[in-house]
1. If we keep just the residues of region B:107-133 that are assigned to a loop (DSSP other than H, G, I, E, B) and more than 14 Å from chain A (Cβ to nearest Cβ), which is nearest to residue B:294 (Cα to Cα)?
2. Scanning region A:273-314 for residues that are within 20 Å of residue A:202 (Cα to Cα) and hydrophobic (A, V, I, L, M, F, W, C), which turns out farthest from the chain's Cα centre (by Cα)?
3. So, residue B:151, is that one aliphatic (A, V, I, L, M), open to solvent by 10 Å² or more (accessible area, probe 1.4 Å), closer than 30 Å to residue B:203 by Cβ and within 14 Å of chain A (Cβ to nearest Cβ) or not?
4. Quick check, is residue A:351 under 27 Å from residue A:75 (Cα atoms) and not in a loop (DSSP other than H, G, I, E, B)?
5. Would a scan of region B:197-205 turn up a residue that is open to solvent by less than 40 Å² (accessible area, probe 1.4 Å) and within 13 Å of chain A (Cβ to nearest Cβ)?
6. Scan region B:255-271 for residues that are within 20 Å of residue B:282 (Cα to Cα) and surrounded by fewer than 21 Cβ atoms within 10 Å (Cβ to Cβ) and jot them down.
Amino acid sequence: MNLILKNGRLFDPSQNLDRIGDLVIQDDRIRDLGPDIAAPGPGVIDCTGLIVAPGFIDLHVHLREPGFEYKETVESGTRAAAAGGFTAVCAMPNTNPVNDNAGATAYLLARARELGHARVYPVGAITEGSRGERMAALGAMRQAGAVAFSDDGKPVMNAQMIRRALEYASMFNLPIIEHAEDLHLSAGGSMHAGPRAIQLGLRGISGNSEAAMVARDLLLAEETGGHIHIAHLSTAASVRLVREAKARGVRATAEVTPHHLTLCDDDVAAYDTNFKMNPPLRGAQDRAAVIAGLADGTIDAVATDHAPHAAHEKQQEFDRAPFGITGLETALPLVLRLVSDGHLTLARMVDALSCAPARIFHLEGGSLKPGTPADVTVFDPDCNWIYDPAESLSKSRNSPFTQWQFRGRTLYTIVGGRVVFTARQ
Amino acid sequence: MDTAHHLLGIEGLATPRIEHLLELARQFQIAPPPRSLAGKRLLLLFYEASTRTRTSFEVAARRLGAETVSVTAGASSIEKGESLLDTVYTLRAMAVDGIVVRHSSSGAPHLVACHVDVPVVNAGDGMHEHPTQALLDAFTILRHRPSIEGLTVAIIGDILHSRVARSNLLLLSRLGAHVRLCGPRTLLPPEFAAFSDRVSLTYDLEEALAGADVVMVLRIQMERMRESFFPSEAEYVARYSVTSERLRAARPDALVMHPGPMIRGVEISADVADSPQSVIREQVENGVLIRMAVLRELLGETA
């Protein structure tokens, strides 16, 4: 079966490609690309005026299955991913039960094969039950298909534990992902510690609750030679620490969310829990620093931390409501804003959404080179639309971007040569 | 949600509305009120223990002829883990005309106001605001001073966790006072300076009291000691207790206020609490007048 993406702007930073042409897909692989190589006909998608990019890969998604199917499932989560242009997602292990063993990893992969609209890469827990006490079966989970390890949602507070995990995972060349948060510094907080928290009377989560853990983890990665990946980096100090560690040659990578690139604590609408996430929206200087860090490559990837929650869970007192917002369907237009504002080149944007995630987690994809899997995202950078969570393909609606006027939208998402999403025109 | 139909905080409360409420309270002080809220039913939803505020609202409502229904923490549905909104929907269905909310979570009255069609009054939410307390404090000051403009008000104690401090600094600075906040560094974050140009911070009690027209003393919860905000009660008393000796730094006619509950010998000495300068008991009396004004405005004038 052939699929031809005709006359698009073929855009692939992994091979410095930016030219108008056709992309030919045969079965599940990219076969060829070049100017005007395919005739119009059946199996042809006219991509005139559209950008044809390697499929986006989200390193940080909560699919909630098993255990929290009322929030999201593998089916609904990957459907939302495809709608956002993501051809692959890394699924965090904080399900119930926690993905801390090979059986759970294999189960998730089986569900994804059966129901998935995008590829699913399991992230296994670092410790049993993510309780931080005993190392989980990293080797067995890797055998079953885990691509990284994390106790996401919780930091690994025990420095010896994270040190051993870095050493052990380095045997498989897999990253340890840290949700960097010193729980003593953040205890009881529900938004960033700053003037807005004081004004709203909400307990603050200090920026250094993150940076202190980032510093610790970078030192341990340097000592062990292991690969530390910092999840959802959010503060200026964290960016500075990662930049300095990378310059020293530490095996460190990092991701940032679209919401930390877009909003800061001053934007937190009064007690609107759709502005409550962890790490919280930080100060304006932090936001500027993560944008700069993404632009200069200190921060490798954009990852959504898509964290669906049911309406009744979010419609609570601010300090009682769970942390997290959805992100898969709003990521592209939010990051495109940085491109149109001149903060980011289009090449860095596509790299951060696709090539870099593949590179740092050693995943297939992230490229349009012939012979690679046909995971492709076709988007219109100029399409104007209004985001309405009621139309979301996710099971949950918890987004602070309700009714935002966006520019840029995914029109087609192709996974393994199969069109898994077509935008309603 | 339209904030004009509620009283959620001093922030966002228009100055003409503040003046109107103070004027209403003044009228109620002079003339016994008519039963202008006869037939109205007020729900007092108290998720946090409170004697003085709940009683004050109850007395205020009844003096205006309204009926009150009290639901307090420990009541069954709250204990059973029902969500705040479900509790509110249920009670709203019992034909109440207004809801007074006290809650340990900042923003809880705001959440309620977003989901009901009757006026909501914030009777203290977490570390956020306690607007009727600030209004009664302003009213109390105005019974002794012609204007708040130009006064220096020292607020002393656990500023960080105090909704009384937040509401008062917002209200009094808006009305033209200079507000000095004072407490240990751990309980007085520098971010408080961002509230207003008329707010200043000091960790030194003597500096806070120097030349002050009004001294507002806040309770210090011993729970803060366990959280290591300060080392011991003795050290707090040594540094921050308002005693008659220290009070000499303030103006000789300075008013001494305390929102209660007051622990004599800790944040305030007994002789200061009972001194002729103290208007602490008068605050309680004025609380009823202010709450009558608030209920009258929200339930009586907009109906």
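The values are calculated or read from the model by the stated rules, or taken from the named source; none is laboratory data. Values in this document were obtained by computation on a predicted structure and should not be read as measured data. For neighbour counting, all protein chains shown are included, and Cβ atoms are generated from backbone atoms with ideal geometry for every residue, glycine included. Heavy atoms of the whole protein, side chains included, go into the accessibility calculation; ligands, DNA and RNA do not. Shrake-Rupley method; radii C 1.70, N 1.55, O 1.52, S 1.80 Å.
1. Residue satisfying both the conditions and the ranking: B:119.
2. Per the stated criteria, the residue is A:284.
3. no
4. Yes; evaluated as a whole, the condition is true for this residue.
5. Within region B:197-205, one or more residues are open to solvent by less than 40 Å² (accessible area, probe 1.4 Å) and within 13 Å of chain A (Cβ to nearest Cβ).
6. Of everything in region B:255-271, those that are within 20 Å of residue B:282 (Cα to Cα) and surrounded by fewer than 21 Cβ atoms within 10 Å (Cβ to Cβ) turn out to be B:260, B:261, B:262, B:263, B:264, B:269, B:270, B:271.
To keep it simple, each residue is scored yes or no on (1) touching a Lys or Arg at 6+ places or on another chain (Cβ under 7 Å); (2) without any contact (Cβ under 8 Å) to a residue 12 or more places away in the chain; (3) not aliphatic (A, V, I, L, M).
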position: A:357; (1), (2), (3): no, no, yes
position: A:367; (1), (2), (3): no, no, yes
position: A:376; (1), (2), (3): no, no, no
position: A:380; (1), (2), (3): yes, no, yes
position: A:389; (1), (2), (3): yes, no, yes
position: A:392; (1), (2), (3): no, no, yes
position: A:397; (1), (2), (3): no, no, yes
position: A:411; (1), (2), (3): no, no, no
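The rows are residues; the columns are (1) within 14 Å of chain B (Cβ to nearest Cβ); (2) at pLDDT 95 or above; (3) surrounded by 23 or more Cβ atoms within 10 Å (Cβ to Cβ); (4) not in a loop (DSSP other than H, G, I, E, B).
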residue: A:164; (1), (2), (3), (4): no, yes, no, yes
residue: A:167; (1), (2), (3), (4): no, yes, no, yes
residue: A:172; (1), (2), (3), (4): no, yes, no, no
residue: A:177; (1), (2), (3), (4): no, yes, yes, yes
residue: A:189; (1), (2), (3), (4): yes, yes, no, no
residue: A:211; (1), (2), (3), (4): no, yes, yes, yes
residue: A:215; (1), (2), (3), (4): no, yes, no, yes
residue: A:219; (1), (2), (3), (4): no, yes, no, yes
residue: A:232; (1), (2), (3), (4): no, yes, yes, no
